[in-house]
Every structure is written in structure tokens, then in C-alpha cells.
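We did not get these values from a lab; they are worked out from the coordinates using the rules stated. These numbers were taken from a predicted model, which means no experiment stands behind them. Glycine gets a Cβ as well: all are built from the backbone with ideal geometry, and neighbour counts include every protein chain shown.
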Amino acid sequence: MAAIRTRDAIHSWMFDQALPFWAVHGLDAERGGYIEQLTLEGQDAGVEFKRTRVACRQVYVFSHAATLGWMAGNALAAPGVDFLMQRVWQGETDGFAKLLTPSGKVLDPTPDLYDHAFVLFAFAWRHKAMKDAVSREWMHRTLDFIEQHMRHPSGPGFWHETPPKGWRLQNPHMHLTEACLAAYEATGEARFADTARKLVELFQTKFFDLKSGTLAEYFTDDWSRAPGEDGRIVEPGHQMEWAWILNSARKQLGMDTAAEIRAAIAFAETHGVDHRTGVTYNAIRDDGTPLDRGSRTWPNTERLKAAVALYELDGVDPAPIIDQTSQLLLSRYFGRQPAGTWMDMFDAEGKEAAHTVPSSTLYHAFLAFAEVLRIAD
């Protein structure tokens, strides 16, 4: 593997800029938990809600940072853990709420699979950092709720929310797979491995079409692709994100996911990336036609993880993609003041398109950059 030129810049942004900034400006010391969004100037944007997934993602970031030696992370994850247990949890029959007011009162009690997946992910990383019994207990409690209250009656997979509305979704299942793999890595317990294995099989048999190399977003109740244009939407970032998760399943569970990894990345790289600028598009169609040439931060971070997956699978040198995408992120998205924040969205013409700094983006950036450091070091 060629040297990753941007390695030191990545490390500096993570540990000298982002973590110190969010340690001060990301906590809601008065009301508990974390700040949902900041203004472009780095102050609380004052939105009237807090999403469960944001608390989970910040717990993950600070816990992961602690496992990498940034020991302040354990204390910074604690307010999020308390927020989840004391404010968001509604009990054994109702699970975790979806939205809360800034002060922590339930605003939307809907059990959402995406949010529950991130709760499991957060407690898995908390357990990795702390080796505590409390986190392990909440990991099982979360998966208990998913299995008992969100299982779809037709067979494999889960409702994306209860009561369900709209098409069935692959995306929450992707994050549940990610969370189960993290939980298995943290505990070694077969339960999490078994669930992850079934979800990967669901990807292989329903979500992904190996022949075309495309991952659909929206499905009918029997996991057929949604009719019309909805069933043809492809998000390159999700193809790359799944590739990295499939590689984790290959390494941890011994699953044969090589063909899907290669096909998912190949389609996304061929049709979902502007190779002149390095930008990963928000959305394309299953025939490769661009639908949204704009680009949020997260599809670009997933391109980094896909490069890591292909390197570990086939030995493909990741340095060209990592350096191109990291430089794009560090200059275009993260190269602004206050340091440690981001412009989260650019339109198809490359103009700034975000009006706030969403806290949720830190999860994508930190995880992708941590993966780059892992293979670079």
C-alpha cells in the first residue's frame, strides 16, 4: 500500500479540532444530552427537537475516541447514556422514543428501527470503552424490543417503524447490521452474530441485485423493489457503506460477501462519483443516471470506508481514493471556522447549501477517518 499523504491531517482534524470543539459546544449541560444543530458560527441553533439518533451517535464518537486513547471521551459519552436511559426509554412495551423536546420530554414516541439500531450501536461502543455491565444489559434490552415488537409478520426483516407507514426500508436494516457487528465485537455473544448474519443474508437475497450491482432503498411488504421511480433510486453512499459492513461481516463472521462488496463499490464508483472533483453524488438511478449531483458530507466519508474494504478484501491500494476524498473533505467540507465544524451540503454546482451544522455528521466523519488511521498505522 502506498503511503496515505493525508494521514496526519486527518489525525489532526479528529483529535486537535473536532473532538475538542464538540466536547465544549456539543454538550447540552443545562438540559442533558447533546445539542442537535449549531449555527454556521458554531452556536446552538435552537431547534425545537432532539433526535434519539444524535444522542446515540455522539455516545459512539466519544466512546470510540476513548478506545483510541482520548480518555476524555468516556466522561463526554456519559450524558448521552443517561439521556437515553432516563429520557428516551419509554419502557419494555414502547421502546425508545424518536423525538424529544430540547428539555427531554417526548415529542414523538414512535419506535423507529433506525433509532433503535443506533441505540444498540451506542451501547456497544460504550461497552467497548468501559467494559461495563450496564451497557451490556441495555444492548440486550434494545435487541429484545426490536425482535419482540418490530419483527415483520411476513418473515425476514423488521418494520422500519411502528405503526408502519410507507415503503419498507433497507437503510435501518443496514445500521442494525452495523450495530449487531459492533455488539458482537464488544461482547463475543452469539446472539448478535446470529442477527447480523441473518441481516447480511437479507441484503444478499433481497436488498441487492448482484447482476446490476444496485442496492434499492424502497420495498414492498414482500421485499420486492417498490414500483415506479421509487424502486429505482440508488444512493452511492449506501452502496459504499454496505460494502464496508459486508467486509466487517466477512472478517468477523466468515461470511462470503466478496462478490457483493466488489459489485456494490464498482457500480457506485462508476456512476456515483464525479472523478474530476472526487465528489460522491447524493442519488442516482439504477441505470446510472444521476438524480441528485449534490453531495452531503456522509456519502464522501462512505467512499473512504469502501476503499478500506476493497483494500482488505483484494489488496487494492486505497491511497488514491483516500487522499482524493480526504482532501475534498478537509478543504471543502471541514476547512472552515470554527475549526471542527462543517458545511454539510453542497449543491450540484458546488455551492454551499446547508444553513446549520448538524451534530449527527460527526459520526460519519469520525468513523471513516478512524478506519483510515487504522489501516494507515
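So here's what we get for this one:
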read-out: Ranked by how many other beta carbons lie within 10 Å on average, peptides 291-302, 72-83 from highest; value: 291-302, 72-83
read-out: Length-normalised contact order for region 7-376 - Cα pairs under 8 Å, 6+ apart - percent; value: 16
read-out: P(r) histogram, all alpha-carbon pairs of region 238-377 included - 10 Å bins from 0, percent; value: 12, 43, 34, 10, 1
read-out: Calculated over the chain: convex hull of Cα atoms, volume per residue (Å³); value: 128
read-out: Mean Kyte hydropathy of -0.5 or more with a Cα span along the axis of at least 30 Å, helices from DSSP in the chain; value: none
read-out: Counted charge near Gly80, where neighbours are those whose Cβ lies closer than 13 Å (Asp, Glu -1; Lys, Arg +1); value: +4
read-out: Under the Debye formula (equal points on every Cα, no solvent term), log10 I(q)/I(0) of region 10-155 at q = 0.11, 0.14, 0.19 Å⁻¹; value: -0.41, -0.65, -1.11
read-out: Unit charges at the beta carbon, dipole of the chain: most positive-side option, His355, Pro153, Ile10; value: Ile10
read-out: Stretch gain in nm, segment Arg191-Leu107, where the contour uses 0.36 nm per residue and the Cα spacing is subtracted; value: 27.0 nm
read-out: Distance in nm between pseudo-label sites at Ser154 and Arg276 (7 Å out along the Cβ direction from Cα); value: 4.3
read-out: Environment charge of Arg232, counting only residues whose C-beta is closer than 9 Å and scoring Lys/Arg +1, Asp/Glu -1; value: -2
read-out: Modelled FRET efficiency - R0 45 Å, Asp8 with Asp292, Cβ distances, 0.05 increments; value: 0.85
read-out: For region 251-331: rounded, prolate or oblate by the Cα gyration tensor [a/c cutoff 1.5]; value: oblate
read-out: For region 173-238, alpha-carbon Rg relative to the globular expectation (2.2 N^0.38 Å, N residues); value: 1.26
read-out: Residue-span extension gain [Asp132 to Leu373] - 0.36 nm each, minus C-alpha spacing; value: 84.1 nm
read-out: Per-selection Rg to Rh, region 213-273 - Cα, Kirkwood hydrodynamic radius; value: 1.03
read-out: Contact order normalised by residue count of region 106-173, Cα under 8 Å, 6+ apart, percent; value: 40
